[in-house]
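What follows is calculated from the coordinates using simple rules that are stated; it is not laboratory data. Just so it is clear, the structure is predicted and the values come from calculations on it, not from any experiment.
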């Protein structure tokens, strides 16, 4: 992973979610490869990854500016072992996200 300075993204609902925000790495369980770097807001489990909170890799970060139809996206897979980590979904208010499959990833807080 290239060395990049990441800045937390803020929005008007951050205080409603507890005011906490931090970065996590999603790691494949099978091959220990870093799948993506994500900004997690608030407490609770990670069930989905919103596209506008993905910081790395750049091809996933750029998806937020493309089509608004989840059917146009591919599954979120590990590049090394092709394990499916998540599937595309449309969440409340038209927010695009990947619904994560429990047990196929590890979270590493940064």
Inset, instruction - Using only the Cα atoms of the stretch 21-109, build the gyration tensor, take square roots of its eigenvalues as a ≥ b ≥ c, and label the shape rounded, prolate or oblate: rounded if a/c is under 1.5, else prolate if a/b is larger than b/c, else oblate. - result: oblate
Legend entry - Extension gain from residue 75 to residue 31, taking 0.36 nm per residue of separation minus the Cα-Cα distance: 14.1 nm
